[in-house]
Amino acid sequence: MKKLLLLFLLIATTSSFGQREVIDSTLTDLRLIEKMPPSLERDTLSSKKFKRLMYHYTFINADSALFYTKQLLEIAERRHIETNIIHCYNYFGYLYGLEGNHFMAAQNYYKALGMAVKSNDEKKILNSKRLLTGAYIYLEDYPKAFKFGQEALALSRKRKDNNEILASLSNLGVIYLNQKEFEKAKSAFQEMQELAIKLNDKDFMIVSLNSLGKVESEMKHYDKAYILFNELQKKYEPNSINFATTQIDIAEVLIGQKQYDKAIPLILDAQKIIRKDGGESYLPTSYKLLYKSFKAKGNNTEALKYHEKFMALNDSLSTESTQSRIRSLQFEYDNTLKESQLQKQNIELLEEKTQKQQISQTRNLFLLGGVLAALLAGVLFWNNRKLNLKNQLIESQKTQIMLAQEQLENANQNLEFRVKQRTQELAIANEEVFQKNEEIKTALYTGQSIERKRVAAELHDNLSSILSAVNMSMQAISRKTLSENDQKIYTNVREMIKTAYTEVRNISHNIMPAGLEKDGLLITIQQLLDKINLNKQISFQLQSKGMEQRLPLEIELNSYSVVLELINNIIKHSEATQATISMFHENDLFNLQVKDNGIGLQVVGGDTNQVSGNGMVNMKTRIEALNGSLSYKSEVGKGLKIDIKIPLNIN
């Protein structure tokens, strides 16, 4: 649904062809301006060139656009040009949004909004609130997005700013649509369409057609959606990105009408245009629609192919999103660290200033004492005859000096107290910064832990069963018949198998065995059991009924993975001597049973749902994905029986 929010940007974006000449010319002018002496004229000319460069670099090189925006902000702050400062923070947010860092985008929009409110500039307040609405839509924080969207719409109506009214209606429509409030979304988009037609605003007329088509499609009004998307496609140049994406929307409507044969060629043609023009972000949707179409037609091979492409590309985009969020957190951490360093520098400067003040006061005291002493000597020299009177004056002056010294000591004590108090405040501030750093580290560690858990689940059910069989086969070799050198090799191989056993269990369930695709599930399992039975430690038997026909490939692949996991568990944990694997196909139901005569399975309160472990969880996940069921029956010392039922008429 976020595609709606980007549509107007795609329409309004001009081609980058020819912009290089403008950039080169502007850079040449800027080099000449930099030779001028520092002045208001130089800053004014530089600001104009920086604006031009940041606009033209936006869709060519985002880092360069960010650099020249910072240059413009530096001049604006030095010259106290509030309008340019607000504009720079909004443009920072816009550039971060283009890079997918909507958290940093929102932070910069907030800075711009704060300055706009302080200056009481309604136009800039409106602009910042509309931009914040878009940022929170991308962050999927719809309560905040709705709040700013409503405020932006009310302010734009008050100012009678039609362009802002159109943009605010579009944002509110997207919020309603993403929250499945289709009637409210439709009402907002219809109002936007009526105003766009009245103003003859072709861009917003296109946005309204696309938006209404999305709403009608979500409401399953496919006939109306088909008409709207066809009308929209006529407004685009053939073989353009917008033409191709609208063609995918039309195909999605046809899929909703179950016209798969018409939808598939449209999607394939659209993919060619998208790949040619670099619109890879739209490919996941097209792969997903092809998967749904081929699956509905019963062509499981093609469906599986496009499903794998969809999952691979979708995982890649998810990884990029996670990395973007990590970069955002790293940026916050760097900013916090810089603030901490700045506070430390301020403390050092304050201590240095206090020290200088104390030295200055001491110097002044000695100077005052010297002046008084000189004055006293002069009085004694010139007024010897009035010695008694002068002595009284001297005593009075001594008293004044003592009082001044006492006042000076009090002032020093007061100053020391204030310095100590300020130092304590700064120490508390440093502690708060440290706590914030720790929170950021914790957040990063939590994200890493979640990722490790996901990887651990994937690593669990792998080649452990096959490696166990190899290990048991190695045990069957008599070391007595080997030479001393061969015994070393034998020991080394055993250690390598043991190491590999813990390292490579992340493969078997994600790769289809060659024998399974060629011979089918029954023969592949029999061949595996024949190999395992060579070690004669556990006797495995295979029973089957009604398995003359091959099962669907998806069921065979997942069933094979489950059997491998269960065989591995029997070999490693059951202490059994016999195990039986049974496969039955009857009345569109595939029944898989595995039982052994081992020590059984510990179950909490008789509830099989309490059985833990990545292996069991992954087996249940695989079976439930096939609409099947998995149940356990176990008694301690009497073995374990696992019963799996999978319906074969899976839609």
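Observations on the model:
- Among the residues of the stretch 561-592, those that are open to solvent by 20 Å² or more (accessible area, probe 1.4 Å), of a type outside the set (Val, Ile, Thr), within 45 Å of the chain's Cα centre (by Cα) and at pLDDT below 90 comprise Asn569, Lys572, His573, Asp588.
- All conditions in (1) at pLDDT 90 or above; (2) in contact with a helix residue (DSSP H, G or I) (Cβ under 7 Å, 6 or more places away or on another chain) hold for Gln259, with the sole exception of (2).
- Residue selected from the stretch 533-547 under the condition within 23 Å of Phe584 (Cβ to Cβ) and either in a strand (DSSP E or B) or among the polar types (S, T, N, Q) (or both), by the criterion most open to solvent (accessible area, probe 1.4 Å): Lys545
- Scan of the stretch 95-113 for residues that are open to solvent by 40 Å² or more (accessible area, probe 1.4 Å) and either of a type in the set (Val, Ile, Thr) or touching a Phe, Trp or Tyr at 6+ places or on another chain (Cβ under 9 Å) (or both), ordered by number: Leu98, Phe103, Gln107, Tyr110, Lys111
Residues checked against (1) of a type in the set (Ser, Thr, Tyr); (2) within 21 Å of Ile86 (Cβ to Cβ):
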site	(1), (2)
Ile23	no, no
Lys35	no, no
Asp43	no, yes
Ser46	yes, yes
Ser64	yes, no
Phe67	no, yes
Lys70	no, yes
Glu74	no, yes
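- For the stretch 38-62, the set of residues classified as open to solvent by 90 Å² or more (accessible area, probe 1.4 Å) and either in contact with a Leu (Cβ under 9 Å, 6 or more places away or on another chain) or farther than 25 Å from Asp277 by Cα (or both) consists of Pro38, Leu40, Glu41, Lys48, Arg52, Phe59, listed by residue number.
Table: residues versus (1) surrounded by fewer than 18 Cβ atoms within 10 Å (Cβ to Cβ); (2) within 22 Å of Ala312 (Cβ to Cβ).
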{"site": "Ala225", "(1), (2)": "no, no"}
{"site": "Leu228", "(1), (2)": "no, no"}
{"site": "Thr245", "(1), (2)": "no, yes"}
{"site": "Leu254", "(1), (2)": "no, no"}
{"site": "Pro265", "(1), (2)": "yes, no"}
{"site": "Gln271", "(1), (2)": "no, yes"}
{"site": "Ser281", "(1), (2)": "yes, yes"}
{"site": "Lys288", "(1), (2)": "no, yes"}
{"site": "Gly298", "(1), (2)": "yes, no"}
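- Qualifying residue in the stretch 385-396 (condition: among the small types (Gly, Ala, Ser), modelled with pLDDT under 80, over 39 Å from the mean Cα position of the chain (by Cα) and assigned to a helix (DSSP H, G or I)): yes
- Residue list for the stretch 553-584, filter: small (Gly, Ala, Ser) and either within 25 Å of Asn649 (Cα to Cα) or touching a helix residue (DSSP H, G or I) at 6+ places or on another chain (Cβ under 9 Å) (or both): Ser559, Ser561, Ala576, Ala579, Ser582
- Matching option when the condition is assigned to a helix (DSSP H, G or I), at pLDDT 60 or above and of a type outside the set (D, E, K, R), among Leu342, Leu349, Leu376: Leu376
- One residue stands out among those in the stretch 23-59 that are among the charged types (D, E, K, R) and over 36 Å from the mean Cα position of the chain (by Cα): the one that is nearest to Leu72 (Cα to Cα), which is Asp43.
- Enumeration of residues in the stretch 154-169 that are under 19 Å from Asp203 (Cα atoms) and either in contact with a Lys or Arg (Cβ under 6 Å, 6 or more places away or on another chain) or in a helix (DSSP H, G or I) (or both): Ser156, Asn162, Asn163, Glu164, Ile165, Leu166, Ala167, Ser168, Leu169
- Looking only at residues in the stretch 514-532 that are among the hydrophobic types (A, V, I, L, M, F, W, C) and at pLDDT below 85, the one that is least open to solvent (accessible area, probe 1.4 Å) is Leu516.
- Flag for Ser211 being under 24 Å from Glu122 (Cα atoms), out of contact with any Pro (no Cβ under 7 Å at 6 or more places or on another chain) and surrounded by 20 or more Cβ atoms within 10 Å (Cβ to Cβ): no
- Phe381, sole failed condition from (1) open to solvent by 70 Å² or more (accessible area, probe 1.4 Å); (2) within 30 Å of Gln421 (Cα to Cα); (3) modelled with pLDDT of 55 or more: (2)
- Boolean, Ser119 is small (Gly, Ala, Ser), in contact (Cβ under 8 Å) with a residue 12 or more places away in the chain and over 29 Å from Gly149 (Cα atoms): no
- The number of residues in the stretch 593-624 that are at pLDDT below 85 and aliphatic (A, V, I, L, M) comes to 6.
- Residues (under 30 Å from the mean Cα position of the chain (by Cα) and of a type in the set (Lys, Arg)) located in the stretch 130-185: Arg130, Lys144, Lys147, Lys180, Lys184
- Qualifying residue in the stretch 491-506 (condition: modelled with pLDDT under 55 and either loosely packed, with under 12 Cβ neighbours inside 10 Å or within 30 Å of Ile570 (Cα to Cα) (or both)): yes
- When Asp277, Asp261, Asp249 are checked against the criterion of being open to solvent by 60 Å² or more (accessible area, probe 1.4 Å) and over 22 Å from Ala312 (Cβ atoms), a single residue qualifies: Asp261.
- Of the candidates Glu74, Glu82, the single residue that is open to solvent by 10 Å² or more (accessible area, probe 1.4 Å), more than 27 Å from the chain's Cα centre (by Cα) and under 24 Å from Asp24 (Cα atoms) is Glu74.
- Some residue of the stretch 252-270 being within 29 Å of the chain's Cα centre (by Cα) and among the polar types (S, T, N, Q): no
The values are calculated or read from the model by the stated rules, or taken from the named source; none is laboratory data. Just so we're clear, the structure is a prediction, and the values are computed from it rather than from any experiment. A quick note on method: Cβ atoms are made from the backbone with ideal geometry, for glycine too, and the neighbour counts reach across all protein chains shown. Side chains included, ligands, DNA and RNA excluded: accessible areas come from the protein's heavy atoms. Shrake-Rupley method; radii C 1.70, N 1.55, O 1.52, S 1.80 Å.
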